[in-house]
Amino acid sequence: MNTPIIIVEHLSKVYKSDLFETVALADISFEVKKGEFLAIMGPSGSGKSTLMHILGGLDQPSSGKYILDGKNVESLSDDDLADIRNRKIGFVFQAFNLLPRTTTLKNVMLPMTYAGIPREKREAIAQKYLEMVGLGDRLSHTTNQISGGQQQRVAIARALSLDPAIILADEPTGNIASAQAEEIMEIFKDINEKGHTIIMITHEPDIASHAKRIITMKDGKIVNDVQNNKEIRYQHKH
Amino acid sequence: MELSEIISESFSSLTLNKLRTGLAMLGIVIGIGSVIALISLGQATQASISSRIESLGSNLLTVNPGSSNQGAVRGASGSRTTLTLEDASAILVAPEITSVKTVSPEFSRRIQIVTGSKNTNTQVVGSSPSYSEVHKLEIATGNFVTQSDVEGMSKVAVLGPQVVTDLFGEGADPLGQTIRISGKTFTVVGVTVSKGGSGFGNLDDIVYVPISTAQKQLFGVNYLSSIALEAKTADLMTTAQNEVGYFLLARHKLSDPAEADFSIFSQQDILNTASATTSTFTTLLSGVAAISLLVGGIGIMNIMLVTVTERIREIGLRKALGAKKKTIIAQFLTEAIILTFIGGIIGIILGILTSYVISKLTGSLFVVSPGSVILAFAVSVVIGIVFGWYPAKKASDLQPIEALRYE
């Protein structure tokens, strides 16, 4: 449990246009151990999304080192990076990002298609995870026939489908009603207990309070990094 | 990812947005369909002109006598009297002439024909039975000049429909009736089927009599005004022209082709002249077809560009979930191929159907050239694939996050 799965050293990201340089990340260093549930907080523009995109292999840093599960991401080819996104990371986006007018089952199967898992097996796995997130009766519903909360649960099932080490969630509750948001957080805690590392971005303290560790960012820098005990208190309230 | 997976993924993508897929396909259908229909129309026109010329007789060669030169005075072409019936029979039997199928010796001259109170000035053609074969002449009633008519120098006549109308009235049955040509009485034994045409070269305004009767009894000559030849195949036209030319030179004891007392025209010469005049028309139609292909192509291009641009976010998502660059490109390429292929086939069917309907409505020939089908199909497929592939390639080169955030 104590091996770091993510090591970030002196990571910077600078966006250059003709006239301006925008520093999104300024020399960030931190580690994430296996099995952690980490929330990254901060106001908009603090660089938390940029950090998350780099951690997820969706974007490249301008400088610095990022070691994911022992591999230096910088040295990886585009195709290797695609494999890492496919196998090691599960994404949950604020806007769900499901294929429109496509069944929940097919959506969950998509990453497995790219992993080359045979069709029958894909279907069984997809069904298993959809049942896990409580959508066992919505397998043949298309994504536009279900609510926002349900869509996000499909996205979580999709993220889990290849049993990745890390789940990256970018404002996972940002687009859904608060009652459903709590359900989503319960699922995340469940997943975390099963051993998945979770890194979640949020600007809502309520949501962040579910995490075991909270990093706060501002102006591209980490300004606070604390273990969170409130979470236990929160559970007591139930 | 296996090919079958990519194909099924492409199919489900295409069925996802039926309107978009339908519009993209419509561009291809119209592009291909209109080109095929237009080119067919052009070729049908050309073919109908050619077929009219060919109705004069197929693979036809005509030997005409040359001009008679007396010293420095050059006579009219055809005025020589050196072409004889013997020349014609010699051509038919000569072992060195292998490319000629039928020989038709002919003597024709315009003359006055009388029946009862009516008379007309028309072309009288002295012919042998082979005439109807060489000139593709069909008999409506009765029969054509027979071999025994020629041998017996019979006074029989076969009339063109125009002559029947002029002498006996529209739709009359002249069989068994008599006409007078140059004071001699001829019995009408047949009427030919109309070949159309009008004016001086009217093929229906002709009276056919046996060649022997024409030479000896009507005009008192022993030469021919022409010998018509039918080559065995279209490819043998030039061979036939050469074989007959050298054979007649030798027969007329001439060594220099420049001194030839005859000339040989091939029907090909007439066809060439005709196709030269119709080529202007064809160029015009090809131009219109090229423009529709261009417009169709631009339509395909637009739809493809819009389709892929609209899906850049989807490409970003697929990349985020682990799709490799080549998988993305393979999927979009497959989609473009499926789209252009199905659209192409519908377009071909529609184009052929359109030209069929046009041919039925206008009574023209129904021609579909494989060349135009292949051209239209190839151009649309290439445009569809290039403009489906190119933006997909660009999108797949983006960082996944840029594609995901694309507005």
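Here's how it looks for residue B:263: its modeled amide H is under 5 Å from those of B:64, B:66, which are all 5 or more places away or on a different chain. For region B:81-260, the Cβ-based charge dipole about the Cα centre amounts to some 520 debye (Lys, Arg positive; Asp, Glu negative; other atoms uncharged). Projected label points at residue B:235 and residue B:282, each 7 Å from Cα along the beta carbon direction, are separated by 2.1 nanometres. Global size of chain B: 33.3, 105 Å for Rg and Dmax (C-alpha atoms, Rg to one decimal, Dmax whole). Can you pull the one-decimal nm distance between simple spin-label points at residue A:18 and residue B:406, each 7 Å off the Cα toward Cβ? Reported label-point gap for residue A:18 and residue B:406 is 2.4 nm.
Its Cα gyration tensor gives region B:81-260 an equivalent ellipsoid. The semi-axes, each the square root of 5 times an eigenvalue, are 32, 17, 14 Å from largest down. A Förster radius of 51 Å, combined with the Cβ-Cβ distance separating residue B:90 from residue B:111, puts the computed FRET efficiency at roughly 0.95. Across peptide A:79-88, the average count of Cβ atoms from other chains found within 10 Å of a residue's Cβ is 4. Determine the shape class of region B:73-166: with a ≥ b ≥ c the square roots of the Cα gyration tensor eigenvalues, call it rounded for a/c under 1.5, and otherwise prolate if a/b is greater than b/c, oblate otherwise. Oblate, since a/c reaches 1.5 and b/c is not below a/b. Restricting region B:136-196 to trypsin sites (Lys or Arg not before Pro) that sit in a DSSP loop and have at most 15 other Cβ atoms within 10 Å of their own Cβ leaves B:136.
Each peptide in B:42-48, B:274-280 was scored by the mean count of other Cβ atoms within 10 Å over its residues; highest first, the order is B:42-48, B:274-280.
For chain B, a crude dipole built from +1 on the beta carbon of Lys and Arg and -1 on the beta carbon of Asp and Glu, taken about the Cα centre, is about 1000 debye to the nearest 20. Close amide H pairs (under 5 Å, H built 1.01 Å from N) link residue A:6 with A:32, A:69, residues at least 5 positions away or on another chain. When the listed pairs A:16/B:325; B:184/B:216; A:218/B:319; A:33/A:194 are checked against a 20 Å cut-off, the alpha-carbon distance exceeds it for A:16/B:325; A:218/B:319.
Our helix-only sum for chain B, with -39,500 (n - 2.57) per DSSP H run of n ≥ 4 divided by its residues, gives a mean residue ellipticity at 222 nm of -18000 deg cm²/dmol. When Rg and the Kirkwood radius Rh are both evaluated on Cα atoms of the protein assembly as shown, their ratio Rg/Rh stands at 1.37. The calculated 222 nm mean residue ellipticity attributable to helices in chain A amounts to -10500 deg cm²/dmol, summing -39500 (n - 2.57) over DSSP H runs of n ≥ 4 and dividing by all residues.
GNM remark for chain B: springs join alpha carbons under 10 Å apart, and the peak mean-square fluctuation among B:61, B:224, B:16 falls on B:16.
In terms of other Cβ atoms within 10 Å, A:131, B:133 run from fewest to most in the order A:131, B:133. In chain A, taking the dipole from charged Cβ atoms about the Cα centre, the farthest positive-side position among A:35, A:95, A:14 is held by A:35. When the Cα atoms of region A:98-162 are aligned to their principal axes, the ranges along those axes come out at 30, 22, 17 Å in descending order. Placing +1 on the Cβ of every Lys and Arg and -1 on the Cβ of every Asp and Glu, with nothing else charged, gives chain A a dipole about its Cα centre of roughly 440 debye. Taking chain A as a Gaussian network, Cα atoms linked when under 10 Å apart, which of A:89, A:166, A:146 shows the biggest mean-square fluctuation? Of A:89, A:166, A:146, the most mobile in the Gaussian network model is A:146. Fewest neighbouring Cβ atoms within 10 Å first, the residues A:10, B:135 line up as A:10, B:135. Among A:71, A:218, A:88, the largest mean-square fluctuation in a Gaussian network model of chain A, built with springs joining Cα atoms closer than 10 Å, belongs to A:71.
With respect to chain A, whose longest principal axis is taken over its alpha-carbon atoms, helix A:148-160 is tilted by about 80°.
Label-to-label distance for residue B:67 and residue B:246 is 2.8 nm, based on points extended 7 Å past Cα in the beta-carbon direction. Mean Kyte-Doolittle of at least 0.0 plus a Cα span of 27 Å or more along the axis: flag which DSSP H helices in chain B meet both, please. Qualifying helices, which must be both long enough and hydrophobic enough, are B:18-54, B:267-310, B:325-362, B:370-397.
Every number here is computed from the coordinates shown, using simple stated rules; none is lab data. Please read these numbers as outputs of a predicted model, since none were measured by experiment. A quick note on method: Cβ atoms are made from the backbone with ideal geometry, for glycine too, and the neighbour counts reach across all protein chains shown.
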